[in-house]
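One structure follows; several queries about it will come next.
Read-outs throughout are calculated quantities, based only on the coordinates presented, and are distinct from any laboratory measurement. Because the structure is a prediction, the values reported are computed rather than measured. Quick reminder, even Gly has a Cβ in these numbers, built from the backbone with ideal geometry, and neighbours come from all protein chains shown.
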Amino acid sequence: MKTTYQITLFFAAILAFTSTASAQDSSGASAKAKAFATIVEPISIQKETDMNFGSVILEGSNGKVVLNPEGTPSPEGVSLASAGQAPAVATFKVAGLPNYSYSITLPASHTITNMREGGGDMTIDNFVTIPSEVNQGAGKLDDSGTQILKVGATLNINANQEPGEYTNSAGFEVKVNYN
């Protein structure tokens, strides 16, 4: 038979072992990490000049004026008058963090309306830009954090288009975002 002394010693050993094991489990290991955040200047875009397809002369059929982003118009089925408004691409100044690249979002189409009542509409589509890359629609800010964005497009003209000045005072929207 075991003595009370032996039983007490047995329970004291179990209790000591359990306390040591618990103490080792609760101490564990730890490490610390710093947290960082950088607030960057938001990208911005500001219109410099409006797009102008120039003065168009109808020639009896549907036509169009393709205005490339370099500013050269290519009339198809219409002629451009030498007098009147000169064709011009829309230009925008993009500003933000130096050397950051950005994406460009252009409208799918835009409608302009004859300022004369009942004069009809024309559609502008196939928007293109400079700068553009192989996948088009991307730019990169220079060392000073700016870039001039040039936008061209195609003006679609119906054979029976009413004479007059066409515009849309709301304008078309060009969006830019950091990549």
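Along the Cα→Cβ direction, 7 angstrom out, place labels at A37 and D143. What is the inter-label distance in nm?
3.3 nm
May I pose another question? From the phi of every residue in the range 57-72, what ³J(HN,Hα) in whole Hz does the Karplus formula 6.51 cos²θ - 1.76 cosθ + 1.60 yield, where θ is phi - 60° and glycine or proline is x?
10, 6, 10, x, 9, 4, x, 7, 10, 9, 9, 6, x, 6, x, 8
Step through the residues of the range 42-53 one at a time and calculate ³J(HN,Hα) from phi using the Karplus curve (6.51 cos²θ - 1.76 cosθ + 1.60, θ = phi - 60°), rounding each to whole Hz and writing x for Gly and Pro.
3J(HN,Hα) across the range 42-53, in whole Hz: x, 6, 9, 9, 9, 5, 9, 9, 7, 7, 9, 8.
What are the ³J(HN,Hα) couplings of the range 156-167, residue after residue, when phi is run through the Karplus curve with 6.51, -1.76, 1.60 and θ = phi - 60°? Round to Hz, x for glycine and proline.
Rounded to whole hertz, the list is 9, 10, 7, 4, 9, 4, 5, x, x, 8, 10, 7.
Please list the non-local residues whose amide H lies under 5 Å from the amide H of G145, H modeled 1.01 Å from N, same-chain partners needing a gap of 5 or more.
Correct list: N99.
For the range 44-178, report the convex hull volume of the alpha-carbon atoms normalised per residue, in Å³, without decimals. Intermediate values should be presented prior to the final figure.
Numbers: hull volume 14.3 nm³, N = 135.
Measuring per residue, one finds 106 Å³ for the Cα hull of the range 44-178.
Could you let me know the centre-to-centre spacing of the range 157-179 and the range 51-104, using Cα atoms, in angstrom?
Answer, in whole Å: 11.
Long-range amide H contacts for Q85: which residues qualify at under 5 Å (H placed 1.01 Å from N, peptide plane, sequence gap of 5 or more or a different chain)?
Answer set, sorted by chain and number: S55.
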